[in-house]
Amino acid sequence: MPFKCRFNIAGLALFAALLLLWEFYSRTAGLETYLPPPSAALKALFEPPMARALFGHLLETLGRFVGGYFLAAALAVGLGVVLGYSRVAYSFAEVIIELLRPMPSVAIIPVAILCLGIGDAMMIAVTVYAAAWPILLNTIDGVRNIDRTLLDTGRTFGLGRWRILREVALPAAAPYIATGLRVSLPIALILVTTSEMVAGADGLGYFILDEERSMRPANMYAGIAIVALLGYALNRLFLVLEGRALAWRSGMRIRGEM
Amino acid sequence: MKGGASQMNGVIALLAVMAAWEIVARIGLLNPLLFPPLSRILGSFFSLIASGEIPGQIASSMERAASGYFLAAAVFIPLGVAMGLFERVYRALEIAIETLRPIPPPVVIPVAMLFFGIGDGMKIFVIFFSCAWPILLNTIDGVRNIDHLLVDTARTFGLKRGQTILKVVLPAAAPQIMTGLRISLSITLILVVISEMVGSSDGIGYFILNTQRRLKIDQMYAGMLALALLGYTLNQAFLFLSRRLLHGR
């Protein structure tokens, strides 16, 4: 990289120019109904009643996300370890997995509405279904690619099955599992907001669509900014936690290479 | 162990699930409204195909999907090449891109509805937006990771900048560009279904949600089956094409 200043002046300038152009254009062209100036969206963000409502929707969305994501992680890692460990179990599940996998996960929403009605249970269920796939497939891969020597060493030292699983297999498969978890993060957010749009009465997805239908685009853009911030914050948080959790790997890898 | 025995196990498991579904639905163990017998679902699947209903819905979905997908490829592969080759372009666009990227794509649907109504334009835009990131980021990465020796060799042989990009940079970055395109393919399918569920009067996403609302549950499952087959076919076709395109690598 030719210049390495951390402060990206060109990028900031272009971004600011785009915002100013938007502000100016929308004010002069009278586009308030489609493209209100960003300052209007910003104002909506800081008006006390609006901010309170938005915060409430944010909490709903976050709650569904957390519920769906963690449930998906627990189920998919558990199932993935079994299917990665046992060839027989995998051979039974393979055809069913290959049959369900290519279906876009959002197609499950109507089934979920049918079985669970329109509420948190439905939204969490579809989130679990969609977010589970990448975690499941990566966990299966990770468990399969564990170095046999590691498992054999564990066995030599007289570890039981359970301890081998907990102290050898899971840590060894952790990087794969982490990849699955990272891929699932935006998917879970997509499914939460989509189900809120299709059949919700609160949450950011519902809020954004509802403000659009009520012709209050400034509020809609404010909601989108909040969702984007949420997505960004979740991703950042994940990377920090992943770095901490897998910090021991880098030491091991260097030693392994020498 | 990719032998016949393991394949057999899978088929046995599938048949067992199908038989269990059929029996449970027939004796009314599960609400037959929610789980109609599998035979009825398959029956309506075939009659919906014969009547042209499902092929028609899939055709309108595919039209939107293809427009958004190829538009995104046409815009973001060149942009990615430019951003991967020229640090200045990358730095200039970086912040704008990093600001837009964390937006979950379905949330863009209301914005697109504001501008385009609920017609095809809305869906094409949403697909275009959501395909942008995997294509763009993979192209940038692919171009950046090219062996510098290749570019230098081209320069030594007197290739002009445009020729170098076409004949050296693009082929060298092709595997990673294809990765971006493959990720985008599944995203496209998801987003076309979502946008048809939120605002449409046709397409396979609309069909599935609408049959659910009208409680034609066997047709809803038939639509999902068609969608799964479509996803599978598209993915296989993509793998086939990319193998041919990247032949000899």
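Every number here is computed from the coordinates shown, using simple stated rules; none is lab data. Predicted, not measured: the structure shown is a model, and the values here were computed from it. Virtual Cβ from ideal backbone geometry, glycine too; neighbours counted across all protein chains shown.
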Compute the distance from the alpha-carbon center of the range A:12-78 to that of the range B:13-34, in whole Å. 44
Helix B:4-26 versus the longest principal axis of chain B: what is the Cα-based angle in degrees, 0 to 90, to the nearest 10? 50
Normalised by the number of residues in chain A, what is the relative contact order in percent for Cα pairs under 8 Å and 6+ residues apart? 24
Taking all pairs of different Cα atoms in the range B:44-111, averaging 1/r and flipping that mean, what Kirkwood radius in angstroms comes out? 15.3
Could you list the square roots of 5 times each eigenvalue of the Cα gyration tensor of the range A:1-136, that is, the equivalent ellipsoid semi-axes, sorted largest first and rounded to whole Å? 43, 24, 15
Against the empirical 2.2 N^0.38 Å scaling, what ratio does the C-alpha Rg of the range B:40-246 come to? 1.21
Once each part is reduced to its C-alpha centroid, what is the distance from the range B:103-158 to the range A:206-244 in angstrom? 21
Using the scaling law 2.2 N^0.38 Å as the reference, what is the normalised Cα Rg of chain A? 1.28
Using unit Cβ charges (K, R positive; D, E negative) and no other charged atoms, how large, in debye to the nearest 20, is the dipole of the range A:38-243 about its Cα centre? 500
So the compactness index of the range A:7-60, its C-alpha Rg divided by 2.2 N^0.38 Å, takes the value 1.44
Filtered hits (aspartates and glutamates, Cα-Cα < 20 Å from A:K43, offset >= 8 within chain) -> A:E23, A:E32, A:D210, A:E211, A:E212
Any idea what angle helix B:53-85 forms with the longest principal axis of chain B, computed on alpha-carbon atoms, 0 to 90 degrees, nearest 10? 20
If the viscosity is 0.692 mPa s and the temperature 37 °C, what translational diffusion coefficient in µm²/s does Stokes-Einstein give for the protein assembly as shown when Rh comes from Kirkwood over Cα pairs? 131
Kyte-Doolittle mean at least 0.0 and Cα extent at least 18 Å along the axis: which DSSP H helices of chain A qualify? A:9-29, A:48-85, A:87-100, A:120-144, A:170-199, A:217-245
Do you know the relative contact order of chain B, to the nearest whole percent, from alpha carbon pairs under 8 angstrom that are 6+ apart? 25
Net charge near B:F129 (other residues with Cβ under 12 Å of its Cβ; Lys, Arg +1; Asp, Glu -1) is +2
Along each of the three principal axes of the Cα atoms of the range B:168-214, give the extent in whole Å, ordering the values from largest to smallest. 55, 13, 11
If the cut-off is 17 Å between C-alpha atoms, which aspartates and glutamates fall inside it for B:K160, apart from same-chain ones fewer than 8 positions away? B:D152
Any idea what angle helix B:87-100 forms with the longest principal axis of chain B, computed on alpha-carbon atoms, 0 to 90 degrees, nearest 10? 30
Taking the number of other C-beta atoms within 10 Å as the exposure measure, put B:K160, B:K123 in order starting with the fewest. B:K160, B:K123
